[in-house]
Ligand code: 13P
């Protein structure tokens, strides 16, 4: 095996561990400001440093979390004792990773569709992130859903960018997480979500193949198959699980190293219950786990509220969700 493949495989082995998932703590400036605002915290660099130190320093987090996705700023920040945050993660047995896309913009000539930017200069940025300790990366493409969205153009263009990104990462010895998110916003049915997710994933794997991406050395971070949050009829836990597993089975090649779901606006309890049900549907070719941001961070953020006196309580709230999701990744969550 080449040294590059060995490097990628070692990262995959560290990330894909039974009963463990990923913590997404890679909110961009505007997104973290939105999350902080819900509990009345101002998004200053110091507050972001404190928050992310709180998360990464939760004692024993590495028992349920194998990797953390960070935002660029965090790679250079330090905990109160002066330890760099990526080092703190490593010391907890958690592999540091980095969000590398530069966010979404409207796709021109496709009203309602969006495209993710950030490919220019990516190879150079990855070298720098690697020096700072990042061993894997994430790129998120988003798909708005309606009767007519996403368009073929959006499906094809986003697949192409995801595949370009993944190929550049592997070339740099960085494991790519490929994240196509079919959004929960809207009033579409679960059937419509299934149809869109199948078309999206099909196109993504077609593009990954064209770009020569080694599927056994990447991870997929998909959304679950859910009805739109404004849809009149919400789905049962088992319906979500069976629809999600059916769509993945039709589109995701068995060699893919792991499937780590995003939470996408589900409540923390829903995200755990759905992951558990998905893992109870029987034997699957890939490990199915979590890569949650909101579903892991909401309870600790509410407990913290920017007060140092609440750090202990906030860490307990994070550990609780991490432990329950770890159980769900084994299909052993007891609600
Ligand atoms: P949520 O779990 O909050 O959807 O976030 C996951 C993520 O990484 C979004 O890019």
Quiz prompt | Qualifying positions in the stretch 207-245 - more than 22 Å from residue 146 (Cβ to Cβ) and surrounded by fewer than 16 Cβ atoms within 10 Å (Cβ to Cβ) | solution = 209, 210, 212, 216, 236, 237, 238
Quiz item: Would you pick out the residues in the stretch 73-86 that are over 20 Å from the mean Cα position of the chain (by Cα), surrounded by 14 or more Cβ atoms within 10 Å (Cβ to Cβ) and not in a strand (DSSP E or B)?
Solution: 77, 79, 83
Quiz item: Can you tell me how many residues in the stretch 1-23 are in a helix (DSSP H, G or I) and either touching a helix residue (DSSP H, G or I) at 6+ places or on another chain (Cβ under 7 Å) or touching a residue at least 60 places away in the same chain (Cβ under 8 Å) (or both)?
Solution: 9
Self-check item: Leading residue by the ranking (surrounded by the fewest Cβ atoms within 10 Å (Cβ to Cβ)) among those in the stretch 270-296 that are more than 18 Å from the chain's Cα centre (by Cα) and part of a loop (DSSP other than H, G, I, E, B)
Solution: 283
Practice problem: Examine the stretch 247-269 for a residue that is surrounded by 23 or more Cβ atoms within 10 Å (Cβ to Cβ) and more than 16 Å from the ligand (Cβ to nearest atom), and state whether such a residue exists. | Solution: yes
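What number of residues in the stretch 142-152 are out of contact with any helix residue (DSSP H, G or I) (no Cβ under 7 Å at 6 or more places or on another chain) and over 11 Å from residue 200 (Cα atoms)? Outline the logic, then answer.
Step one: filter the stretch 142-152 for residues out of contact with any helix residue (DSSP H, G or I) (no Cβ under 7 Å at 6 or more places or on another chain), giving 142, 144, 146-149, 151-152.
Filter once more, so that each one left must be over 11 Å from residue 200 (Cα atoms): 144, 146-149.
Here the count works out to 5.
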Quiz prompt | Residue list for the stretch 325-335, filter: assigned to a helix (DSSP H, G or I) and either within 13 Å of the ligand (Cβ to nearest atom) or surrounded by fewer than 22 Cβ atoms within 10 Å (Cβ to Cβ) (or both) | solution = 325, 327
Self-check item: Condition check for residue 109: part of a loop (DSSP other than H, G, I, E, B), in contact with a helix residue (DSSP H, G or I) (Cβ under 9 Å, 6 or more places away or on another chain), farther than 23 Å from residue 166 by Cα and in contact (Cβ under 8 Å) with a residue 12 or more places away in the chain
Solution: yes
Exercise. Inspect all residues belonging to the stretch 232-239 and state whether any of them is free of Cβ contacts under 8 Å to residues at least 24 places away in the same chain and either farther than 22 Å from residue 21 by Cβ or part of a helix (DSSP H, G or I) (or both).
Key: yes
Quiz item: Which one of these is crowded, with 17+ Cβ neighbours inside 10 Å, without any contact (Cβ under 8 Å) to a residue 40 or more places away in the chain and closer than 21 Å to residue 4 by Cα: 125, 135?
Solution: 125
Quiz item: How about the stretch 181-191: which of its residues are surrounded by fewer than 24 Cβ atoms within 10 Å (Cβ to Cβ) and within 19 Å of the chain's Cα centre (by Cα)?
Solution: 181, 183, 184, 185
Self-check item: From the options 103, 93, residue that is surrounded by fewer than 17 Cβ atoms within 10 Å (Cβ to Cβ), within 16 Å of the ligand (Cβ to nearest atom) and within 26 Å of residue 290 (Cα to Cα)
Solution: 103
Quiz item: Does residue 181 meet the test of being within 28 Å of residue 95 (Cβ to Cβ) and within 16 Å of the ligand (Cβ to nearest atom)?
Solution: yes
Practice problem: Would you check if residue 173 is within 20 Å of the chain's Cα centre (by Cα), away from the ligand (no atom under 16 Å from the Cβ), more than 24 Å from residue 283 (Cα to Cα) and in a loop (DSSP other than H, G, I, E, B)? | Solution: yes
Self-check item: Top-ranked residue in the stretch 299-323 [being within 16 Å of the ligand (Cβ to nearest atom) and surrounded by fewer than 21 Cβ atoms within 10 Å (Cβ to Cβ); ranked as farthest from residue 16 (Cα to Cα)]
Solution: 302
Quiz item: Does any residue of the stretch 300-309 turn out to be within 25 Å of residue 255 (Cβ to Cβ) and within 21 Å of the chain's Cα centre (by Cα)?
Solution: no
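None of the figures in this text is laboratory data; all of them are computed from the coordinates on show. All values reported here derive from a predicted model rather than from experimental measurement. As a convention, Cβ positions derive from the backbone with ideal geometry for all residues, glycine included, and neighbour counts pool all protein chains shown.
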